[in-house]
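S.K.: Can you keep this structure in mind? I'll have questions shortly.
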Amino acid sequence: MSATETHSIRVEPTQQSRLSQVDFNNLKFGKYFSDHMLVAEYENGEWTDVSVVPFGDLTISPSMSALHYGQAIFEGIKAYKFEDGTVSIFRPEKNWERFNKSAARLEMPEVPEEIFIGGLKKLLQVDKNWVPNVEGTSLYIRPFMFGTEAALGVHPSATYKFIIITCPVGAYYNKPLKLKVETHYTRAAQGGVGFSKNAGNYALSLYPTRLANDEGFDQLIWTDAKEHKYIEEAGTANLVFRIGDTIITPHDDTILHGVTRRTIIELAQHWGYKAEQRHVSVQELIDGIKEGIVTDAFAAGTAATLTPISTIGFNGELYELPAVENREFSNKVLSYLNDLRYGKIEDPFGWNLIV
Ligand SMILES: *Cc1c(COP(=O)(O)O)cnc(C)c1O
């Protein structure tokens with residue numbers, strides 16, 4: 001663990017905690033931020049000035065490169081509080097690895113483990129009282145990095161900021177989703193940046209998603225850029241289906257490789273299910289629904305863990321999926337992950353990082 005134990009992180013505690021101003025029984029996602037944030041600066045080829053400081057506004061130049069050319073990436077992680085007060089972060093090393101893959105693709109510097117994981121542990125030690133302890137609640141963690149150079153030339157920024165902010169979030173009510181298969185707009189193409197968690201991937205999804213919302217859908221199912229034949233993922237979550245006796249999730253470099261999806265596949269294999277990461281065509285899914293062999297379908301991501309899909313819209317037709325209470329696999333995953341994350345059962349895979 002020595003690589004992540006860092007002694008060089010300066011802590012500047014807040015003069016006035018905002019903890020008492022937050023109603024923990026009424027938490028809107030991503031609205032209430034904890035007292036502190038971790039900030040690190042990259043300049044002259046190295047990370048410097050790693051510190052935990054009071055959460056607050058930043059001063060930036062209007063010519064800051066990220067605002068113009070989009071060198072901006074992020075992660076989403078959750079921490080949970082056990083009944084005995086222990087704070088545990090779920091698989092953050094997977095987010096750290098993915099963060100650095102996103103960074104490499106956008107020609108941004110990597111963030112070393114002692115800053116990403118070590119900084120996160122330090123931040124949560126300082127703000128441990130912000131991790132809510134009611135079952136279903138958690139602390140949402142948002143690490144992000146952006147180019148800060150004040151210059152309009154199109155080139156990689158010479159300077160960057162890495163920041164981690166956190167917010168307590170309430171129990172998520174997973175209303176079943178009505179999703180539309182998108183066959184015109186494209187989220188990501190092969191050779192592009194679909195696998196990276198970069199800010200631009202979300203900006204481009206907003207307009208097609210709003211059009212689908214106007215038609216009564218909650219979200220889109222993106223399909224491949226070339227033929228719009230293969231299922232990719234939903235807006236901010238991966239997709240998992242049970243077709244026949246197999247748990248299937250689409251796979252390509254156009255898809256964000258989610259930690260939740262990976263966790264679910266690993267669990268499925270551990271429990272002896274057949275599990276596959278492969279191309280899934282829209283036709284295979286629609287035929288499966290018609291034949292009645294699609295017995296589970298859900299979106300998987302850190303924010304909501306697992307959200308059942310109730311309806312899929314394709315070419316003007318609606319296809320209904322089985323009742324949520326009859327879905328053996330997803331209900332089993334949900335209750336297992338819940339118990340594991342709140343420390344109620346053993347952690348045989350070493351997924352909980354104790355702060
Ligand atoms: C973050 C994200 C996911 C889910 O990833 P997790 O690591 O499971 O949270 C899926 N798709 C997209 C586009 C995402 O941004």
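The values are calculated or read from the model by the stated rules, or taken from the named source; none is laboratory data. It should be emphasised that the depicted structure is a prediction, and the values quoted were computed from it without experimental measurement. All Cβ positions, even for glycine, are placed from backbone atoms using ideal geometry, and neighbour counts span all protein chains on display. These area figures cover heavy atoms from the full protein model, side chains too; ligands, DNA and RNA do not enter into them. Shrake-Rupley method; radii C 1.70, N 1.55, O 1.52, S 1.80 Å.
S.K.: Label 7 Å along Cα→Cβ of Ser63; region 117-159 residues with amide nitrogen under 20 Å?
M.R.: Only 146-159 fall inside the zone, counting backbone N under 20 Å.
S.K.: Considering only protein heavy atoms, with the full assembly of protein chains and a 1.4 angstrom probe, order Glu320, Glu233 by accessible area, largest first.
M.R.: Glu320, Glu233
S.K.: Report the calculated FRET efficiency for Ser281 and Phe349 (r = Cβ-Cβ distance, R0 = 45 Å), to the nearest 0.05.
M.R.: It comes out at approximately 0.90.
S.K.: Further, regarding this structure: What whole number of Å gives the distance from the Cα centroid of region 143-161 to the Cα centroid of region 201-251?
M.R.: Using only Cα atoms, the two centres lie 31 Å from each other.
S.K.: Something else about it: Work out the charge dipole of region 175-340 with +1 on the Cβ of Lys and Arg and -1 on the Cβ of Asp and Glu about the Cα centre, then indicate which of Gln277, Ile312, Thr260 is farthest towards its positive end.
M.R.: Result: Thr260, furthest along the dipole toward the positive end.
S.K.: If I take the Cα coordinates of region 175-340 and project them onto the principal axes, what are the three extents in Å, biggest first?
M.R.: 38, 32, 26
S.K.: Hey, what's the chain come to in accessible area per residue, 1.4 Å probe, Å²?
M.R.: Accessible area per residue, the chain: 46 Å².
S.K.: OK, next. Classify region 8-169 from the C-alpha gyration tensor, please: rounded if a/c falls under 1.5, else prolate or oblate depending on whether a/b exceeds b/c.
M.R.: Prolate is the answer for region 8-169, as a/c is 1.5 or above and a/b outweighs b/c.
S.K.: Further question on the same structure: Provide the gained length on full extension for the span Ser8 to Arg105, in nm with one decimal, where the gain is 0.36 nm per separating residue minus the Cα-Cα distance.
M.R.: 32.0 nm
S.K.: Are any of the pairs Lys31/Lys197; Lys197/Lys226; Lys226/Lys332; Lys197/Lys229; Lys175/Lys226; Lys180/Lys226 more than 30 Å apart by Cα-Cα distance, and if so, which?
M.R.: Long pairs (Cα-Cα over 30 Å): Lys226/Lys332; Lys175/Lys226.
S.K.: To continue, here is another question. When averaged across all projection directions, what area in nm² does the alpha-carbon convex hull of the chain cover?
M.R.: 18.7 nm²
S.K.: What does the charge dipole of region 202-355 about its Cα centre add up to, to the nearest 20 debye, if the Cβ of each Lys and Arg holds +1 and the Cβ of each Asp and Glu holds -1?
M.R.: Once rounded to the nearest 20, the dipole reads 340 debye.
S.K.: While we're here: Compute the separation of the alpha-carbon centres of region 62-118 and region 171-196 and state it in Å as a whole number.
M.R.: Region 62-118 and region 171-196 have Cα centres separated by 21 Å.
S.K.: Between Gln16, Gln219, Gln125, which gets the highest mean-square fluctuation from a Gaussian network model of the chain, Cα cutoff 10 Å?
M.R.: Gln16
S.K.: I've got another one for you. Taking a 1.4 Å probe, which of Phe82, Phe298, Phe29 shows the most accessible area, and what order do the others take after it? It would help to have the intermediate numbers written out before the result.
M.R.: Values: Phe82 35, Phe298 0, Phe29 105 Å².
Solvent-accessible surface, decreasing: Phe29, Phe82, Phe298.
S.K.: For the chain, with a Gaussian network of springs between Cα atoms less than 10 Å apart, report the residue from Ala237, Ala212, Ala79 with the top mean-square fluctuation.
M.R.: It is Ala212.
S.K.: Additional query: At a 1.4 Å probe radius, carbon and sulfur cover how many percent of the accessible area of the chain?
M.R.: Values: 8050 of 16260 Å².
Ligands and nucleic acids excluded, carbon and sulfur reach 50 percent.
S.K.: Tilt of helix 328-341 relative to the longest C-alpha principal axis of the chain, in degrees (0 to 90, nearest 10)?
M.R.: Helix 328-341 and the main axis of the chain meet at about 10 degrees.
S.K.: Oh, and also: In debye, nearest 20, what is the charge dipole magnitude of the chain about its Cα centre with +1 on Lys and Arg Cβ and -1 on Asp and Glu Cβ, if you could check?
M.R.: Approximately 380 debye in magnitude.
S.K.: What percent of all Cα-Cα pairs in region 31-108 falls in each 5 Å bin, counting up from 0?
M.R.: 3, 10, 13, 21, 25, 16, 6, 4, 2, 0
S.K.: Accessible area of Glu317, 1.4 Å probe, to the nearest 10 Å²?
M.R.: Counting only protein heavy atoms, Glu317 exposes about 100 Å² to solvent.
S.K.: So the label point goes 7 Å from the Cα of Gln16 along Cα→C-beta, right? Which residues of region 35-66 then have their backbone N under 20 Å from it?
M.R.: Residues passing the 20 Å test: 35-37, 53-58.
S.K.: Sticking with this one: Would you mind calculating the relative contact order of the chain from Cα pairs under 8 angstrom and at least 6 residues apart, reporting the percent as a whole number?
M.R.: Over the chain, the number comes to 18 percent.
S.K.: If you wrap a convex hull around the C-alpha atoms of region 126-273 and split its volume per residue, what is the figure in Å³?
M.R.: Looking at region 126-273, the number lands at 189 Å³ per residue.
S.K.: Give the dimensionless ratio obtained when the Cα radius of gyration of region 197-271 is divided by 2.2 N^0.38 Å.
M.R.: Normalised Rg, Cα atoms only: 1.22.
S.K.: Let me have the 222 nm mean residue ellipticity of the chain computed from DSSP H runs of 4+ only, each contributing -39500 (n - 2.57), with the sum over all residues rounded to the nearest 500.
M.R.: So the helix-based figure for the chain works out to -7500 deg cm²/dmol.
S.K.: Also, I was wondering about something else. Which shape class, rounded, prolate or oblate, goes with region 103-199 when its Cα gyration tensor gives a ≥ b ≥ c as root eigenvalues, a/c under 1.5 marks rounded, and past that a/b bigger than b/c marks prolate?
M.R.: Because a/c hits 1.5 or more and a/b fails to exceed b/c, region 103-199 counts as oblate.
S.K.: In nm, give the distance between the simple-model label positions of Glu83 and Glu43, each being 7 Å from the Cα along the Cα-to-Cβ direction.
M.R.: If labels sit at Glu83 and Glu43, their model points lie 5.1 nm apart.
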